[in-house]
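Engineer: Before anything else, here's the structure in question.
The values are calculated or read from the model by the stated rules, or taken from the named source; none is laboratory data. This structure is a prediction, so every number in the text was calculated from the model and none was measured. Quick reminder, even Gly has a Cβ in these numbers, built from the backbone with ideal geometry, and neighbours come from all protein chains shown.
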Amino acid sequence: MSPDQTMPMERQADHEPDAGIVPLARPARRKALGRFGELDVLTPLARGGMGGVYLAAHRETGEQVALKVLDPQFAAYPEVVSRLFAEHTLASRVQHPGLVEIQSARWTDDGVPYLVMEYLDGQTLGAIHDRGPIELSTILAITAQVASALSALHAAGIVHCDVKHDNVFVLDEPSHGGPRVKVIDFGVSRTVDEPPLSDAAIAGTPWCMAPEQWSGAPTAKSDVYALGCMLYDLTTGSPPFDGSLPELMMAHLEQRPARPSWLRAMPIELERIILRALAKDPDARPTMHEVALELRALADAHAPIALRRAG
């Protein structure tokens, strides 16, 4: 398994659960490919190991939505269906402009489960990062919004459990203060009061998993750690740790990362946020609310002059 992939929650028979949704090249719009109730499916948007995401439009209003559809062969596995529908259950507990809206969980007439979600026009932060270094002001503007959205999720008693570049969607329509983002994919999210997972059910993305997450006991502070890993990678161009799966596990459990300022010049306040977020002891990490406030202050201080005036 690649360190970039989400570790599955469980194995169903001979099938592996979805290891992540991969965006497809955006084809030209075409006539409806099929119907899901009052929705006409227009074109595929992304593909994962257990299903796909499709652009659809309401037949009467024309409103565009995204459908996350489970492949029919997985509909026979209650655990997989429950995992899909849990995304809607968890997302419905909190509303925040930085979280993707999941409107409903449904079944087709022939027994295929799917989610109806808001349609987002843009690209993942991972795709942007893959093209090269990102300006510090943009990193701060994006991650401040991510931290704010995750703080709202934590206030509702939910841990995302898979904070990473590919689960941050940057919209094509920026606000006057810079890029606008949405945190997506609640596929491995859980509530804070759920019991620890068994070793066979540990979920997350290895290169940014907190020490306690490797033992199946993620908390809200695990998302803080993952955001610290993401910030480290965005600012320096490399994750805090690299290597095989066993090497990553041992590094996250035992090693200290190199100071990010050794790899790229940055404000000392930002380095402090990153290193505090990467503390091995969850109690030594700040809350996501504290991270959001600190990143917003830095984002405002380092925004281009025109944007500071507009704000």
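Engineer: Of all residues being over 24 Å from Leu270 (Cβ atoms), hydroxyl-bearing (Ser, Thr, Tyr) and in contact (Cβ under 8 Å) with a residue 60 or more places away in the chain in the range 186-218, which is surrounded by the most Cβ atoms within 10 Å (Cβ to Cβ)? Just the residue, please.
Structural biologist: Ranking the candidates gives Ser189 first.
Engineer: In contact with a Lys or Arg (Cβ under 8 Å, 6 or more places away or on another chain), surrounded by 24 or more Cβ atoms within 10 Å (Cβ to Cβ) and at negative phi, is that true of Ala226?
Structural biologist: Answer is yes for this residue.
Engineer: Continuing with the same structure: How many residues does the range 129-151 contain that are out of contact with any helix residue (DSSP H, G or I) (no Cβ under 8 Å at 6 or more places or on another chain) and either in a helix (DSSP H, G or I) or modelled with pLDDT of 95 or more (or both)?
Structural biologist: 4
Engineer: Then there's this: Glu173 is checked against (1) part of a loop (DSSP other than H, G, I, E, B); (2) within 23 Å of Leu42 (Cβ to Cβ); (3) not assigned by TED's automatic domain parsing to the domain that holds Gly216 and fails just one. What number does that condition carry?
Structural biologist: Answer for Glu173: the failing condition is (3).
Engineer: Still on this model: So, Glu194, is that one out of contact with any strand residue (DSSP E or B) (no Cβ under 6 Å at 6 or more places or on another chain), over 20 Å from Ala147 (Cα atoms) and assigned to a helix (DSSP H, G or I) or not?
Structural biologist: no
Engineer: Of the residues Ser261, Ser238, which is at negative phi and either of a type in the set (Phe, Trp, Tyr) or under 22 Å from the mean Cα position of the chain (by Cα) (or both)?
Structural biologist: Ser238
Engineer: In the range 241-258, is there at least one residue being hydroxyl-bearing (Ser, Thr, Tyr) and surrounded by 14 or more Cβ atoms within 10 Å (Cβ to Cβ)?
Structural biologist: Checked the range 241-258: no residue is hydroxyl-bearing (Ser, Thr, Tyr) and surrounded by 14 or more Cβ atoms within 10 Å (Cβ to Cβ).
Engineer: Here's something else I'd like to know. Looking only at the range 122-159, filter to residues that are under 13 Å from Thr235 (Cβ atoms) and β-branched (Val, Ile, Thr); which one of those is surrounded by the fewest Cβ atoms within 10 Å (Cβ to Cβ)?
Structural biologist: Restricting to residues being under 13 Å from Thr235 (Cβ atoms) and β-branched (Val, Ile, Thr), the top hit is Ile134.
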